[in-house]
Amino acid sequence: ANVARSRHTFLVIETLHGHVFGCFMTKPWEKTYKYKDCESFLWRMNNRRILRPSASSVVDEQTLIDIATVEGDIEVFPRTGANDLCQLLTHDKMACGGGTVGL
C-alpha cells in the first residue's frame, strides 16, 4: 500500500492477544523527520477484542450488541504540544505520537 498518497490515515494495529490501538493522522505521510499537527491523535481500545464465532455460526442480535459495547470503548490521546513530534516516516519505520527527540 502507498500510504504516502493518502491525505488522512487511520492506522489500526491488533496484537496476537487481541489488543487494538492506532492513530489518526491529518497530514500525508512523507519521508521527513517530523510533522507538527494538532488534529492528529493516538487511540486504543480499553478492552481486548472478543473472539468472533466462525463464519458458519449464526450470531444473534444480543451477541452483536455485546461485541459493539466492549469493542466500542476506546480511549483517545490528543496531541499535548509538549514537543513537535507527531508522525515520522523513513525508509525502514513509521511512527506516530510524541516521545523523545533524537531516537
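Within the group Leu51, Leu88, Leu11, which residue is in contact with a Cys (Cβ under 9 Å, 6 or more places away or on another chain), modelled with pLDDT under 85 and of a type in the set (A, V, I, L, M)?
Every option except Leu88 fails the conditions.
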Inset, instruction - Enumerate the pairs (first residue in region 73-93 and touching a residue at least 60 places away in the same chain (Cβ under 8 Å); second residue anywhere and among the aliphatic types (A, V, I, L, M) and not in a loop (DSSP other than H, G, I, E, B)) with beta-carbon separation below 6 Å, excluding pairs fewer than 6 apart on the same chain, so at least 6 apart or on different chains. - result: Gln87/Met25
Inset, instruction - Output the residues belonging to region 12-33 that are over 17 Å from Gly72 (Cα atoms), surrounded by 10 or more Cβ atoms within 10 Å (Cβ to Cβ) and of a type in the set (A, V, I, L, M, F, W, C). - result: Met25, Trp29
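The values are calculated or read from the model by the stated rules, or taken from the named source; none is laboratory data. What you are looking at is a predicted structure, and each value in this text was computed from that prediction instead of being measured. Don't worry about glycine lacking a Cβ; one is built from the backbone with ideal geometry, like all the others, and counts go over all protein chains shown.
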